[in-house]
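Novice: Dropping the structure in here first, questions after.
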Amino acid sequence: MSGPIAAAGARRRGQSKSLVGEAPWARALLIATALGFLGLLLVAPVVTVFVSAFSKGIGAYLTALSDPETLSSIRLTLLTAGIVVPMNLVFGIAAAWLVSSYDFWGKSVLTALIDLPFSVSPVISGLVFVLLFGAHGWFGPFLSDHDIKVIFAVPGIVLATTFVTFPLVAREVLAVMQAQGHDEEEAALTLGANGWQILLKVTLPKVRWGVLYGVILCNARAMGEFGAVSVVSGHVRGETNTMPLHIEILYNEYSYVAAFAVASLLVFLSLLTLVVKKAAEWAVAVDPAKDAAGASPEKPSLSVKTEGAVP
């Protein structure tokens with residue numbers, strides 16, 4: 001028995017050595033390929049945006065950003081993200097907890113529905129909302145009778161953006177919950193904690209980084225969404241144009257400096273989102289013992305539950 005085992009161990013050591021001790025030119029080629037790809041498809045476009053935005057000086061850049069229609073598009077983008085992200089946060093946590101904690105009829109259907117926006121074109125989702133809430137849609141006559149505007153108004157933009165972004169928080173939180181299990185929740189339940197105590201003092205602290213990642217991704221997608229919003233907005237200048245839509249209009253009108261100036265704001269917000277994400281990852285890596293899979297950093301929360309306190 002020792003012969004085959006020793007031979008297998010030697011083969012594994014030989015494989016590891018071949019992987020670690022690969023030729024320097026191979027490593028250099030791989031690194032150059034990766035850096036070239038990133039430089040061509042990521043760094044070059046970002047640099048081009050900022051160079052084009054400042055091509056006529058800082059004065060033209062600030063003038064483009066101070067335009068009333070530009071300011072309106074910025075406000076609408078931030079308003080949409082400010083509404084969509086909290087909605088998806090609540091839905092994502094609830095859906096992830098339901099799917100990861102309970103077995104019920106239709107669980108696989110619910111999981112598939114959560115992933116539906118990933119497989120449906122944003123333009124198609126926008127058309128669906130037009131068919132539902134448009135003037136000739138299913139709910140169109142009712143909305144017209146009560147003077148409620150959904151399509152070509154802010155509510156339609158919020159609905160379309162919510163649809164295309166709601167899997168982001170749910171999927172991030174669900175993956176963390178499934179990886180960490182529910183041992184601590186079960187322990188808290190046996191010690192007398194109620195549902196809200198378990199959620200607020202055990203589950204959410206344990207999955208907080210998954211929640212943060214989901215919120216970051218959802219916010220980035222909400223601010224940059226184009227397809228679905230383009231269908232339901234109506235492109236009313238100064239009223240229903242978000243930043244991506246306003247960039248398209250400026251570019252089609254050959255206002256290149258203004259278009260790239262607004263685009264630079266979106267790029268800046270994307271870079272800021274990336275910095276926040278990396279900072280969160282760094283915070284997790286600082287103390288891996290606290291955030292290891294299934295480990296809860298704060299044990300005193302269970303002692304609170306043993307007292308049977310009602311929130």
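The values are calculated or read from the model by the stated rules, or taken from the named source; none is laboratory data. Please read these numbers as outputs of a predicted model, since none were measured by experiment. Neighbour counts run over all protein chains shown; Cβ positions are idealised from the backbone, glycine included.
Novice: So which helices (runs of 4 or more DSSP H) are wholly in segment 193-234 and hold at least 3 residues that are in contact (Cβ under 8 Å) with a residue 60 or more places away in the chain and in contact with a Leu (Cβ under 7 Å, 6 or more places away or on another chain)?
Specialist: Where helices (runs of 4 or more DSSP H) fall fully within segment 193-234 and carry at least 3 residues being in contact (Cβ under 8 Å) with a residue 60 or more places away in the chain and in contact with a Leu (Cβ under 7 Å, 6 or more places away or on another chain), they are 208-224, 227-233.
Novice: Moving on to the next point. Under 9 Å by Cβ, and 6 or more places apart or on different chains, what pairs join a residue from segment 258-286 that is more than 21 Å from ALA44 (Cα to Cα) with one that is modelled with pLDDT under 80 and surrounded by 19 or more Cβ atoms within 10 Å (Cβ to Cβ)?
Specialist: Going by the 9 Å Cβ cut-off, there are no qualifying pairs.
Yes/no matrix, rows are residues, columns are (1) out of contact with any strand residue (DSSP E or B) (no Cβ under 7 Å at 6 or more places or on another chain); (2) of a type in the set (A, V, I, L, M); (3) at pLDDT 90 or above; (4) on the phi < 0 side of the Ramachandran plot:
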{"position": "TYR213", "(1), (2), (3), (4)": "yes, no, no, yes"}
{"position": "ARG221", "(1), (2), (3), (4)": "yes, no, yes, yes"}
{"position": "GLY234", "(1), (2), (3), (4)": "yes, no, no, no"}
{"position": "GLY238", "(1), (2), (3), (4)": "yes, no, no, no"}
{"position": "LEU250", "(1), (2), (3), (4)": "yes, yes, yes, yes"}
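Novice: Looking at segment 152-203, which of its residues are buried (at least 17 other Cβ atoms within 10 Å of the Cβ) and polar (S, T, N, Q)?
Specialist: THR161, THR162, THR165, GLN180, GLN197, THR203, listed by residue number.
Novice: Moving on. Name the pairs whose Cβ atoms lie under 6 Å apart, with the first residue in segment 58-76 and within 23 Å of VAL229 (Cα to Cα), the second surrounded by fewer than 17 Cβ atoms within 10 Å (Cβ to Cβ) and modelled with pLDDT under 90, and 6 or more positions between them or separate chains?
Specialist: Partner pairs satisfying both residue conditions: GLU69/ARG237; GLU69/GLY238; SER72/GLY238.
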